[in-house]
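The values are calculated or read from the model by the stated rules, or taken from the named source; none is laboratory data. Everything numeric in this text was worked out from a predicted model, so none of it was measured. Here the Cβ is made from the backbone with ideal geometry for all residues, glycine too, and neighbour counts use every protein chain on show. These accessible areas exclude ligands, DNA and RNA; they are computed on the full protein's heavy atoms, side chains included. Shrake-Rupley method; radii C 1.70, N 1.55, O 1.52, S 1.80 Å.
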Amino acid sequence: MLRQTRRSLLLLTMLIFLTPLQSIAQPTQEKIVRVAVIGGMVYADLWREIAQRFEEKTGYEVQVVISGERPELKEAIELGNVDLLTMHSGDITTDLVADGHGINMRPWTRNDLIIWGPSSDPAGIRGMTDGAAALAKIANTQSPWIDFQGIGPREMAHNLWRKAGVKPVGDWVLKDDLRGGPDFLQQVADRNAYIITGRMPVYVGKWKANDKMAILVDQDPTMRRPYIVMETNPIRHPNVNYQGAKALADFLLSQEIQVFLASYDGVVNDGRPLFYPVWPYAGIDK
């Protein structure tokens with residue numbers, strides 16, 4: 001029985017690697033591309049702009065099946081309910097590929113994380129563009145620091161602390177007991193603390209601005225977090241529109257869209273990109 005199971009797995013593996021993707025199934029004629037998109041791209045109106053350009057150029061129709069948090073998007077591709085997924089990179093996206101749900105995972109854009117802090121700035125980091133150096137000053141002054149458990153900010157903070165050569169331990173390191181919601185920054189202000197987050201939640205109206213809090217560290221290029229795009233695996237999910245998904249994924253990495261990203265400030269309208277291009281176009285955002 002065990003031998004038969006191993007033989008079946010071997011045959012399935014050979015089929016996956018030897019079957020040309022172009023020959024799989026009927027969706028090549030389908031003109032609808034179903035997508036799962038991380039919420040920030042919809043809040044910032046970026047996805048609508050890109051989808052419209054893609055539709056005009058190709059004749060495909062892009063349908064956002066789900067937009068929201070990472071676990072919701074993960075479930076959508078696992079069920080085969082979408083043809084394409086774009087979200088922040090991380091363990092979830094790697095597992096989707098490893099488990100055979102997604103293929104051709106590629107980074108296509110980045111957004112930047114920043115350090116918020118009290119407007120009074122007890123650590124004296126205002127205007128710095130080196131996140132690691134700023135964290136070192138926060139540690140040296142033992143200013144309150146919230147160990148935010150959001151996936152991206154947590155990973156970024158870990159990298160910056162390591163770069164700074166500091167282990168954040170002590171009463172000044174506060175547990176993340178934040179509730180989230182529109183008054184997120186007020187909750188941070190109530191603790192008179194510093195924190196790493198993205199800039200977009202405030203700029204697109206997800207969080208209310210708070211005059212007790214300010215962006216103190218900004219424009220550190222090492223504090224940019226990548227987004228990936230992947231197509232749903234047509235071998236595991238035969239009813240997906242692989243050809244349409246592949247066309248859209250390629251479009252995201254085209255020169256047209258990469259150049260567009262460098263100038264797109266969306267609803268913020270401040271002349272700074274909300275999202276940044278990836279190499280080899282990274283230089284155009286300077």
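Just to verify a result, which residue in segment 232-286, among those that are without any contact (Cβ under 8 Å) to a residue 12 or more places away in the chain and open to solvent by less than 50 Å² (accessible area, probe 1.4 Å), is nearest to Asp45 (Cα to Cα)?
So the residue we want is Asp265.
Determine which member of the set Val217, Val166, Val229 is closer than 30 Å to Val33 by Cβ and either of a type outside the set (D, E, K, R) or surrounded by 15 or more Cβ atoms within 10 Å (Cβ to Cβ) (or both).
Val229
If the Cβ limit is 8 Å and pairs must be 6+ apart or interchain, which residue in segment 218-231 that is farther than 14 Å from Ala157 by Cα pairs with which residue that is basic (Lys, Arg) and not in a loop (DSSP other than H, G, I, E, B)?
Partner pairs satisfying both residue conditions: Pro226/Arg110; Tyr227/Arg110; Ile228/Arg106; Val229/Arg106; Met230/Arg106; Glu231/Lys246.
Against the conditions (1) charged (D, E, K, R); (2) buried (at least 18 other Cβ atoms within 10 Å of the Cβ); (3) outside any helix (DSSP H, G or I); (4) out of contact with any Lys or Arg (no Cβ under 6 Å at 6 or more places or on another chain), where does Lys206 fall short? Just the number, please.
So the condition that Lys206 fails would be (2).
What residue, among those in segment 111-143 that are of a type outside the set (Gly, Ala, Ser) and touching an Asp or Glu at 6+ places or on another chain (Cβ under 9 Å), is surrounded by the most Cβ atoms within 10 Å (Cβ to Cβ)?
Once the filter is applied, the top-ranked residue is Ile115.
Please specify each residue of segment 60-87 satisfying the condition of being at pLDDT below 95 and under 28 Å from Arg272 (Cα atoms).
Passing the criteria: Gly68, Glu69, Arg70.
Among the residues of segment 236-274, how many are out of contact with any Lys or Arg (no Cβ under 7 Å at 6 or more places or on another chain) and closer than 25 Å to Pro201 by Cα?
Within segment 236-274, residues that are out of contact with any Lys or Arg (no Cβ under 7 Å at 6 or more places or on another chain) and closer than 25 Å to Pro201 by Cα number 18.
Has segment 174-185 got at least one residue that is exposed (fewer than 15 other Cβ atoms within 10 Å of the Cβ), free of Cβ contacts under 8 Å to residues at least 12 places away in the same chain, part of a helix (DSSP H, G or I) and of a type outside the set (Lys, Arg)?
no
Please give the number of the condition Asp211 fails out of (1) at pLDDT 95 or above; (2) surrounded by fewer than 20 Cβ atoms within 10 Å (Cβ to Cβ).
(1)
Could you list, in sequence order, all residues of segment 93-105 that are surrounded by 15 or more Cβ atoms within 10 Å (Cβ to Cβ) and either within 25 Å of Pro273 (Cα to Cα) or out of contact with any Asp or Glu (no Cβ under 9 Å at 6 or more places or on another chain) (or both)?
Of all residues in segment 93-105, those surrounded by 15 or more Cβ atoms within 10 Å (Cβ to Cβ) come to 93, 96-97, 101-105.
Listed by number, the residues that qualify are Thr93, Val97, Met105.
So which of Trp108, Trp161 is modelled with pLDDT of 95 or more and either open to solvent by 30 Å² or more (accessible area, probe 1.4 Å) or more than 30 Å from Gly244 (Cβ to Cβ) (or both)? Outline the logic, then answer.
On the way: Trp108 fails: either open to solvent by 30 Å² or more (accessible area, probe 1.4 Å) or more than 30 Å from Gly244 (Cβ to Cβ) (or both).
Sole residue among the options that is modelled with pLDDT of 95 or more and either open to solvent by 30 Å² or more (accessible area, probe 1.4 Å) or more than 30 Å from Gly244 (Cβ to Cβ) (or both): Trp161.
Looking at segment 138-150, which of the residues that are assigned to a loop (DSSP other than H, G, I, E, B) and touching a residue at least 40 places away in the same chain (Cβ under 8 Å) is farthest from Val217 (Cα to Cα)?
From segment 138-150, those assigned to a loop (DSSP other than H, G, I, E, B) are 142-144, 147-150; that's our starting set.
Add one more test, that the residue is touching a residue at least 40 places away in the same chain (Cβ under 8 Å), and what stays is 143-144, 148, 150.
On the way: Ser143: 15, Pro144: 16, Phe148: 16, Gly150: 18 Å.
Among residues in segment 138-150 that are assigned to a loop (DSSP other than H, G, I, E, B) and touching a residue at least 40 places away in the same chain (Cβ under 8 Å), the one farthest from Val217 (Cα to Cα) is Gly150.
For residues that are open to solvent by 20 Å² or more (accessible area, probe 1.4 Å) and of a type in the set (Asp, Glu), scanning just segment 53-87, find the one that is nearest to Thr109 (Cα to Cα).
Glu69
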